[in-house]
Amino acid sequence: MNLVFLGPPGAGKGTQAGLISRRYGIPQISTGEILRAAVAAQTPMGIRAKGFMDAGVLVPDDVVVGIVEERIVQPDCTPGFILDGFPRTVPQADALAKMLKGMTREIEHVISFEMDPSVLIDRIVGRRTCKVCGRGYHIVHDPPQVAGKCDGCGGELYQREDDCQETVQRRLDVYEVQTAPLKAYYAGEGLLRQVDALASIEDVQSSICQVVASHI
Ligand code: AP5
Ligand code: ZN
């Protein structure tokens with residue numbers, strides 16, 4: 001089962017990708033998380049990406065396409081994968097189609113997270129992320145059992161640097177201009193499945209499971 005999760009910042013892609021990954025035993029490939037790990041480790045790629053991420057703009061296509069090309073051929077991706085936050089531009093979508101064709105694989109569903117943009121800022125500003133395993137929480141909608149600590153691994157929770165108000169607005173604008181056109185792109189291929197991302201975490205998960213089940 002090869003899935004793409006498409007939606008604006010804060011729509012819940014990472015949250016749902018984690019849940020669906022555990023449920024179906026397929027890996028979540030988050031380009032944002034891979035980039036943040038590279039920034040933390042100060043690798044050449046991380047050093048190159050940091051300025052773009054801090055500014056709330058997209059990292060160049062060649063960098064993220066390279067990340068996905070390397071990750072998608074790993075053995076744990078054989079039963080399927082969830083692309084969380086990739087592709088984000090038409091050239092990235094074209095590159096993905098080309099790389100999958102070379103592997104005689106294809107995307108089965110593009111889950112489009114639909115919601116009113118006014119809620120996104122609240123979701124992003126309230127987000128806390130585990131320093132160790134990357135799991136996301138929300139201080140109101142999905143709090144950890146012990147304040148400041150990850151339920152899964154006990155790691156410390158932190159607020160992402162790009163989750164400040166000004167950067168968030170830039171990320172939303174970038175989404176509208178560069179990423180939203182992918183909805184028409186994938187609708188044209190008959191792959192777009194829209195889910196109501198304003199619903200509760202559990203209800204969004206059920207919608208995604210229904211989509212997946214009804215198209216098998
Ligand atoms: P990335 O890490 O991908 O960030 P993003 O797309 O901006 O998405 P977010 O992580 O902000 O949101 P999400 O939809 O995953 O929401 P979440 O589940 O956390 O990218 C960061 C940067 O990296 C980019 O700006 C760019 O620079 C670079 N980058 C990454 N990929 C790239 C690419 N392909 N090309 C170029 N550059 C790239 O949920 C948000 C909050 O809401 C959480 O607190 C959560 O607990 C809560 N929540 C979730 N669901 C619900 C719900 N149903 N109800 C209530 N609360 C909810
Ligand atoms: Zn953790």
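Residues that are among the basic types (K, R) and within 24 Å of R23 (Cα to Cα) within the stretch 82-130 comprise R105, R123, R127, R128, listed in sequence order. Scanning the stretch 138-150 finds no residues that are at pLDDT below 95, part of a helix (DSSP H, G or I) and charged (D, E, K, R). Among the residues of the stretch 172-216, how many are surrounded by 15 or more Cβ atoms within 10 Å (Cβ to Cβ), at pLDDT below 95 and not hydrophobic (A, V, I, L, M, F, W, C)? Number of matching residues: 0.
For V57, are the conditions met, namely being over 16 Å from L182 (Cβ atoms) and away from ligand 1 (no atom under 12 Å from the Cβ)? Explain how you work it out, then say what you get.
Numbers: over 16 Å from L182 (Cβ atoms): yes; away from ligand 1 (no atom under 12 Å from the Cβ): no.
Here the answer is no, as V57 does not meet what is asked.
Being at pLDDT 95 or above and either within 12 Å of ligand 1 (Cβ to nearest atom) or not small (G, A, S) (or both) narrows it down to one residue among A97, A93; which is it? Spell out how you get there, then give the answer.
Working: A97 fails: either within 12 Å of ligand 1 (Cβ to nearest atom) or not small (G, A, S) (or both).
The unique qualifying residue is A93.
Exactly one residue among V110, V177 is under 30 Å from E69 (Cα atoms), in a helix (DSSP H, G or I) and either in contact with a Phe, Trp or Tyr (Cβ under 7 Å, 6 or more places away or on another chain) or among the β-branched types (V, I, T) (or both), and that residue is V177.
Considering every residue within the stretch 94-102, establish whether at least one is surrounded by 15 or more Cβ atoms within 10 Å (Cβ to Cβ) and basic (K, R). For the stretch 94-102, residues surrounded by 15 or more Cβ atoms within 10 Å (Cβ to Cβ) and basic (K, R): absent. Is it fair to say V39 is of a type in the set (A, V, I, L, M) and in contact (Cβ under 8 Å) with a residue 24 or more places away in the chain? For V39, the condition - of a type in the set (A, V, I, L, M) and in contact (Cβ under 8 Å) with a residue 24 or more places away in the chain - is not met. Applying the criterion of being within 12 Å of ligand 1 (Cβ to nearest atom) and either in contact with a strand residue (DSSP E or B) (Cβ under 9 Å, 6 or more places away or on another chain) or in a strand (DSSP E or B) (or both) to the residues of the stretch 152-174, the residue that is farthest from A41 (Cα to Cα) is D163.
Looking at the structure I just gave you, is G188 on the phi < 0 side of the Ramachandran plot and either within 14 Å of ligand 1 (Cβ to nearest atom) or within 16 Å of the chain's Cα centre (by Cα) (or both)? No, not satisfied.
Whenever a residue of the stretch 170-183 is touching a residue at least 12 places away in the same chain (Cβ under 8 Å), its partners that are surrounded by 14 or more Cβ atoms within 10 Å (Cβ to Cβ) and part of a helix (DSSP H, G or I), lying with C-beta atoms within less than 6 angstrom and at least six residues away or across chains, give the pairs L182/A93.
One residue stands out in the stretch 123-154 among those that are of a type in the set (A, V, I, L, M) and without any contact (Cβ under 8 Å) to a residue 60 or more places away in the chain: the one that is nearest to G10 (Cα to Cα), namely V125.
The set of residues in the stretch 8-65 being of a type in the set (K, R), touching a Leu at 6+ places or on another chain (Cβ under 9 Å) and surrounded by 20 or more Cβ atoms within 10 Å (Cβ to Cβ) consists of K13 alone.
The values are calculated or read from the model by the stated rules, or taken from the named source; none is laboratory data. On a predicted model such as this, the values are computed, not experimentally measured, just so you know. Note: ideal-geometry Cβ built from the backbone for every residue, glycine included; neighbour counts use all protein chains shown.
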